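Novice: Below: one structure in C-alpha cells.
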Amino acid sequence: MTLAVQDPPLALGPGHGGMAARRAVVRWAWRLFRREWRQQSLVLALLVLAVAATTAGLGVAANTPNSQASSFGTANFLVTPSSAGARLGADVTALRTAFGTVEVIEHQKIPVPGSANAVDLRAQDPRGPYGRSMLRLDAGRYPRGPDEIAVTDRVATTFNLRLGDTLDRSGRRRTVVGLVENPLNLRDRFALVAPGQATPADHVVVLIRATAAEFAGTTLPDRVSVEIRGEEPDTAGVGVLLLATVGLLFVGLLAFAGFTVMAQRRLRALGLLGAIGASHRHIRLVLVANGAVIGVVGALAGAATGLAVWFAFGPRLESLVGHRIDRFQLPWLLVLVAVLLATLTAVCAAWWPARAAARIPVVSALSARPAPPRPAHRLAALGGVLLLGGLGALVTAQQTRAPLIVGGVLATAVGLLLLTPVGIAALGRLARIAPLAPRLALRDLARYRARSSAALAAIGLAMGIAAAVALSAGVDVAKAAVPTGGNLPTDQIAVWLSQDALDGPVPPLTPAQAANARLRVDAIAADLHATSVLPLQVAVDPNAPQERGGREPARMGKPHPVVINGQPGTNYEGAEAVPLFVATPELLGRYRIDPSSIDPGTDILTSRAGLDGYDLIGVNSPPRAAQPPNDPGRRSNWRPRLQHAALPTYTTLPSALLTTHAVQSLRVTVVPAGWLVRAPRPLTQAQIDRAEQTALAAGLSVEARPTGADVARLADNVTGVGIAVALGVLAMTVGLIRSESARDLRMLTATGARRSTRRALTAATAAALAVVGAGMGTAGAYLALLAWYHREPHWLGHVPALDLAAILVGLPVIAYAGGWLLAGKEAPTLARQPIE
C-alpha cells in the first residue's frame, strides 16, 4: 500500500508575514514610484507648489512686525509729556528716576514747501536702549555734532539732497552726513540729528520698558499722554496655514482621483499579490506607502523650493510690505507642520483607493474589472446634514461670531463636496437619453464614480470660491450705488489734512501751508467741476501734547472697559466715535441753520437722539496718574446741552456741531481739518483716483464713498483664476480617464468609429464635469451668502451677470471646445494592455 502525503491547501491572504513582508511591500511601492514617477508628476507638482507657497507665505507672515513696533521699538510704554522748557526737563527726570532706564526722543517739524504735512526732525541716540531697532544706517554715518543731519530717502528726494549737501531750514544750516531709515517702517519720513539738537522741541516722547504692575504703581507727572504697546497675537502664520489647508484639500481631491486611476492600472498586479498570499493589509500598504513616498518627496521638494524662492525674492518684497525682511527669520516649526500636512494629504488621498482595491476579489482583480460603484445616498445623507448644519451656523453667527462663521463655512464646503457622488449618479441616469458618444462618456463617469467624484469636488470647490467672491462683489457694488447711508453721498468727497482723517492728530498749518492746501483743494474741485467747497474745522486742546506732529480732535466716544497687560482700562472704539465739528457760519449756511435759532446755552447741535453714556475725548483730560494708563484724554463728567438740528446722517458728514458757547467753555482752539467737495453728479472711480493723486502731492488725504470698482476687479480676477484652475483639473481628469480607457478607444477605432466620435467622447466628458461642477459651486455659494445675508436677502438680487455667465456658460463651452480640439488622435495599434 502506498501512502501519499498531500500538502495543505494554500490559504490566500489570511496571514500577515510580519515585518519582512511589510518591508518587501514597501520596497515594491518605492520601485513602482521610481518607475512610474512620470505618471504621478502632476500630484507631485501640486504638492510642491502648495508647500512652496506655504513656506514663502510663512516667511512673509513671520517678518511682518507689530504695527506699533515702528514707534515703540522694544519698549512697551510710550509717554508724551505736555510740558515745555524747565518743566519738561523735570518731568523727564521724574520718569527716569521712577523707571531707571528710559529713552528720550525729541521731535521738531521741518516745513515742506507745497505740503500740509511737515517732515519729522528727530533727535535720537542710535545706540539707545529701546529705539535702536527703529534706526538703520544705509550710507555715511550717524550725525554727531550740532550742524550734522541724516535723512531718509524720501526726505532726500523731497529736498533734492545727497551726502555732503547742506539743508537750510528755519535759519539752521546742517550738513547731510548719512542716509538712514526706520527698518520697521520704510515709509517713515524723518530726519535725524544728534540727541539734544532738536530744540526747541515741538513734543518729546519717552520710551519705557516695565511690567504692567510697575507702571500702574508709579505716579506719573501731570498731564502726560500714555500709549501702551498691545500684545498682538501672532495669527499671521496660523492664517497662512489655514489657507494652505484649503489648498491642500484641493490638492488632495486631485490626488485622490490620480491614486484611484493608478489603483485601477495596478489592479492585476495587486490581484497577483493576493493570489500568492498577500493579505488585505499588504495590498493596502502598497498604495498607502506609494502615497507616503509621493507625499514625502513632494513636501520636501516643495519646502526646498519655497526656501529658495524666499531667499531669492525676500529682499524684493521689502518695498511692498514697507519694512526690512530677515531672510533667516522663519517659523521653522510651522514649516515642518506644512511638510507634515502635505505628507498626510497624500497618504489620506491614497488610503481610500487602497482600501477599495484591497476589497476587490482576486479573480476580479486579475481580470481588471472595476469595483461596482457604491450607493451614493450614504455620502449624500452625511453631506446634506453637514450642509444644513453649516448654513444654520452662518445664520446663527449674525456676521459677528468668528467660531460659528469658520465652522459654518467649513461645514458648508465639506457638505457640498460629499454631495458630488449624487451629481455623478445623475449624469449616469442622463446617459440613456444622450447620443452615442456622450452616452459612453456619461456612463464611464458613473462607472468610475470615486475618481469622477473627486475631480468634480475639486472643480466645485474652485468654482464655489469664485462664485462667492463674485456675488460678494455684486453686493458691495450694489451697496455703494445706494444714495443713502454709508460714509458719504456718492457726489461728495472729503479732503483731510491728516492721513488718518479724523482718526488721527490734525497737523497745525502756517498761513503759507494753509494757502497751498486750499490751492490743491481748488484744483481737485476744478477737476470734479464741483459746485461747492465747504471748509471743515474741529476743536483741539491747546495744552494737549502733540502726537505725530499734531493734536487729536475733540470727539464723543462710548467707553468700553478692557484689560490690557493685566490692568483695567477703557477703550473707545473708532466706529462708535462721533466727530465734533465747529459750527462755523459756512457750515450752518450749508445746512440752512439760522444762527439766531441756536439757544445761547447749547453746547452741541446734533441730529442724533442723544449722547447719553458718551465721554468727551481729547479735551481737558485730568492728570494721567489718576486714570488707567491706556485711556486717551477725556472728560467723562461733561454733560453737554444738546439741541436738535437737521444735520446729515452720513458717518463722515457733520452730525454733531460744537457751538461757540462750547468752544469758549471748554477753552479749546479751533483749527482747520479738511474740506468737503460736492460734485454735480456721482463720482466715478477714475475721478476719485485723480483726486487722491492731487491730494497726495500736497500731503493731504481723500475720503470718498466706495464705488465697488476695486472689489469688482478682484472678483473678475478671482473668476478668471478659478476658471483656469477648473480647466487644469478637467485636463488632468480627462487625461487620466482617456489614458485608462485607451483600450476602449482602440476598440472603437477597430469597429470603425470616426474621429468625430472620439472627439465628442472626450469633449462630452469635460463638458459634463464642467457643467455639474460650476452648477454645484454656484449653488453652494448662493446658499452660503443667503444664510449670511438672511436679514437683507435683497442684496443678492444684484447679480454679477458677467462673472456668473463666465462660470456657468463660459467654463463648459471652453471645456467642450478644448476637449474637442485636443482629442481625436487615432490609436496606432490595437495592442493589449500589458500585465504588470
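The values are calculated or read from the model by the stated rules, or taken from the named source; none is laboratory data. Nothing here was measured: the structure is a model prediction, and the numbers come from that model. Cβ coordinates were reconstructed from backbone atoms using ideal geometry, including for glycine residues, and neighbour counts include every protein chain displayed. All accessible areas refer to the heavy atoms of the entire protein, side chains included, with ligands and DNA or RNA removed. Shrake-Rupley method; radii C 1.70, N 1.55, O 1.52, S 1.80 Å.
Novice: Report whether or not Gly486 is within 13 Å of Gly674 (Cβ to Cβ) and of a type outside the set (A, V, I, L, M).
Specialist: no
Novice: Take the residues in the range 473-509 that are open to solvent by 40 Å² or more (accessible area, probe 1.4 Å) and assigned to a helix (DSSP H, G or I); name whichever of them is nearest to Asp202 (Cα to Cα).
Specialist: Asp503
Novice: Another question, if that's okay. Do you know which residues across the range 325-347 are modelled with pLDDT of 80 or more and either surrounded by 14 or more Cβ atoms within 10 Å (Cβ to Cβ) or in contact with a His (Cβ under 6 Å, 6 or more places away or on another chain) (or both)?
Specialist: The answer is Leu334, Val335, Val337, Ala338, Val339, Leu341, Ala342, Thr343, Leu344, Thr345, Ala346, Val347.
Novice: Within the range 759-791, work out how many residues are open to solvent by 60 Å² or more (accessible area, probe 1.4 Å) and closer than 21 Å to Gly708 by Cα.
Specialist: 3
Novice: Could you check Ala673 against (1) under 19 Å from Asp522 (Cα atoms); (2) touching a residue at least 60 places away in the same chain (Cβ under 8 Å); (3) open to solvent by 20 Å² or more (accessible area, probe 1.4 Å); (4) of a type outside the set (D, E, K, R) and say which number it fails?
Specialist: (3)
Novice: Filter the range 691-729 down to residues that are in contact (Cβ under 8 Å) with a residue 40 or more places away in the chain and open to solvent by 60 Å² or more (accessible area, probe 1.4 Å), then give me how many there are.
Specialist: Residues in the range 691-729 being in contact (Cβ under 8 Å) with a residue 40 or more places away in the chain and open to solvent by 60 Å² or more (accessible area, probe 1.4 Å): 5 in total.
Novice: Being part of a helix (DSSP H, G or I) and of a type in the set (Ser, Thr, Tyr) is the filter here, so list the residues in the range 393-441 that pass it.
Specialist: If the condition is that a residue be part of a helix (DSSP H, G or I) and of a type in the set (Ser, Thr, Tyr), then Thr396, Thr412, Thr420 are the ones that fit.
Novice: Right, next: Taking strands (runs of 3 or more DSSP E) that fall entirely within the range 121-214, which contain at least 2 residues that are modelled with pLDDT of 90 or more?
Specialist: Per the criteria, 136-140, 148-151, 172-181, 190-193.
Novice: Sticking with this structure for a sec: Return the residue satisfying two criteria in turn: it lies in the range 91-137 and is open to solvent by 20 Å² or more (accessible area, probe 1.4 Å) and of a type in the set (Ser, Thr, Tyr), and of such residues it is nearest to Gln693 (Cα to Cα).
Specialist: Ser133
Novice: Name the one entry in Val92, Val51 that is within 30 Å of Ala455 (Cα to Cα), modelled with pLDDT of 80 or more and part of a helix (DSSP H, G or I).
Specialist: On inspection, the qualifying residue turns out to be Val51.
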